[in-house]
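Below you'll find the structure, written out as structure tokens, and then a few comments.
The values are calculated or read from the model by the stated rules, or taken from the named source; none is laboratory data. Just so you know, these numbers come straight off a predicted model, no measurement behind them. Using ideal geometry, Cβ is built from the backbone for each residue, glycine included, and neighbour counts are taken over all protein chains shown.
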Amino acid sequence: LSLYTPTLKGEQVKTTAEQALCTINASGFYGVGFVNNNNQCVQQPEVYWSNGNRWVFSSKWSDYKYR
């Protein structure tokens, strides 16, 4: 993933489906996901942990921006 795109500097990195990428790195947990309509960093709906759950973070996440 290259975030170096001078013409887009400072803009959120989004998928072709216009989903903003986000990351969580807290308390020994690291994950990359997407920002949902509730401003949470979440996994794709079809992705589950081995325990059948998905992760959702309402805080302590950050988005990716072009540089």
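Observations on the model:
- Residue satisfying all of: in region 11-28; over 19 Å from residue 39 (Cβ atoms) and not β-branched (Val, Ile, Thr); surrounded by the fewest Cβ atoms within 10 Å (Cβ to Cβ) among these: 28
- Here residue 46 fulfils each of the conditions (1) part of a loop (DSSP other than H, G, I, E, B); (2) surrounded by 11 or more Cβ atoms within 10 Å (Cβ to Cβ) apart from (2).
- Among the criteria (1) on the phi > 0 side of the Ramachandran plot; (2) out of contact with any strand residue (DSSP E or B) (no Cβ under 8 Å at 6 or more places or on another chain), the one residue 53 does not fulfil is (1).
- Residue 26 satisfies every condition listed in (1) touching a Cys at 6+ places or on another chain (Cβ under 7 Å); (2) in contact (Cβ under 8 Å) with a residue 24 or more places away in the chain except (1).
- Residue in region 7-14 that is assigned to a loop (DSSP other than H, G, I, E, B), more than 11 Å from residue 64 (Cβ to Cβ) and either without any contact (Cβ under 8 Å) to a residue 12 or more places away in the chain or under 13 Å from the mean Cα position of the chain (by Cα) (or both) present: no
- Restricting attention to region 33-55, the residues being at pLDDT below 90 and among the hydrophobic types (A, V, I, L, M, F, W, C) number 3.
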